[in-house]
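Written below as structure tokens is the structure these notes are about.
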């Protein structure tokens, strides 16, 4: 059997590099106002997976999605909102659908069993004319209502597409 | 604060990126309006030897485009064996007023499309370019850009980027500029 580091390395090559936020209070990040940056993007990356894993049962009628914040602070939703996640139990995942920005966030799984991204990846960020990697962000959003309880950990899987590109958790 | 699950050096992260998205080649940033952003103008952007699988090919805007209705199409010209210049797909819609970070993708035989917003675009389906002769010799050809529709008169600039994998022995692509 391959040792753990080999499994991790092969997995990184298969599905991309993986970064996680801390375990977060949903009441701080799934809000009506999508101001909460969760990942910082340096350079140009291929976004392959993005999901929030519920670590404490949810309350409040948030309909979560994510936005990308460009260098001029313009926010663009990278998916469409699902139904309310009020009452979503620990172990469920809220999954970015890929494909196009019109794709609806997937919440159809059950505890610890969810679909992965089924759409094509997005290329996010960029490189300036001077060859400097841009700094942009992925932000979390509750859309129409605030979460009133619950915890969530966000995970981002990506591949660098410019020299020095990477993603790091903002929180 | 969360964590990088596995702490690789940046060089290793770059290599992982190339394993997943392909080998990256880029032109320089093209700023000369007469040479690159005039209606119409065609110029070589990548030289291709052999058969390559293109995972993504796009123009990344680095200097904002003005309101003139510039369009972009990609073309293929066979050098060895000789093949007349051929359009690889229909031209894009106007990319007037594109912001810095807008990407205009080649999406395969049918179209060229800009991303939905600056610094966001969709990874296209891969496609194959070039080939190998009956004698087993790698073909040689050129991918070129056809800029038409409107002449940029202000500060437009951009770089072309290609992410690819070799499909025949000795195949590769390089910037033609």
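Scanning region A:137-156 for residues that are under 18 Å from residue A:121 (Cβ atoms) and more than 10 Å from chain B (Cβ to nearest Cβ) returns A:137, A:138.
Quickly run through region B:140-177 and pick out the residues that are within 14 Å of chain A (Cβ to nearest Cβ), within 21 Å of residue B:98 (Cα to Cα) and modelled with pLDDT of 95 or more. Across region B:140-177, the qualifying residues are B:156, B:157, B:158, B:159, B:160, B:161, B:162.
Within region A:87-105, being within 14 Å of the chain's Cα centre (by Cα) and away from every other protein chain (no Cβ under 14 Å) holds for A:93, A:94, A:95, A:104, A:105.
Within region B:49-60, is there a residue that is within 13 Å of another protein chain (Cβ to nearest Cβ), in contact with a helix residue (DSSP H, G or I) (Cβ under 9 Å, 6 or more places away or on another chain), part of a strand (DSSP E or B) and more than 29 Å from residue A:157 (Cα to Cα)? No, because not a single residue in region B:49-60 is within 13 Å of another protein chain (Cβ to nearest Cβ), in contact with a helix residue (DSSP H, G or I) (Cβ under 9 Å, 6 or more places away or on another chain), part of a strand (DSSP E or B) and more than 29 Å from residue A:157 (Cα to Cα). Filtered by the rule that a residue be closer than 24 Å to residue B:30 by Cα, away from every other protein chain (no Cβ under 14 Å) and either surrounded by fewer than 22 Cβ atoms within 10 Å (Cβ to Cβ) or at pLDDT 90 or above (or both), region B:90-139 gives B:90, B:91, B:92, B:93, B:94, B:95, B:96, B:111, B:129. Using the structure shown, decide if residue B:44 is more than 9 Å from every other protein chain (Cβ to nearest Cβ) and either farther than 16 Å from residue B:161 by Cβ or part of a helix (DSSP H, G or I) (or both). So residue B:44 does not fit the description; no. Does at least one position in region A:155-162 carry a residue that is touching a residue at least 60 places away in the same chain (Cβ under 8 Å) and more than 17 Å from the chain's Cα centre (by Cα)? Within region A:155-162, one or more residues are touching a residue at least 60 places away in the same chain (Cβ under 8 Å) and more than 17 Å from the chain's Cα centre (by Cα).
The values are calculated or read from the model by the stated rules, or taken from the named source; none is laboratory data. All values reported here derive from a predicted model rather than from experimental measurement. Don't worry about glycine lacking a Cβ; one is built from the backbone with ideal geometry, like all the others, and counts go over all protein chains shown.
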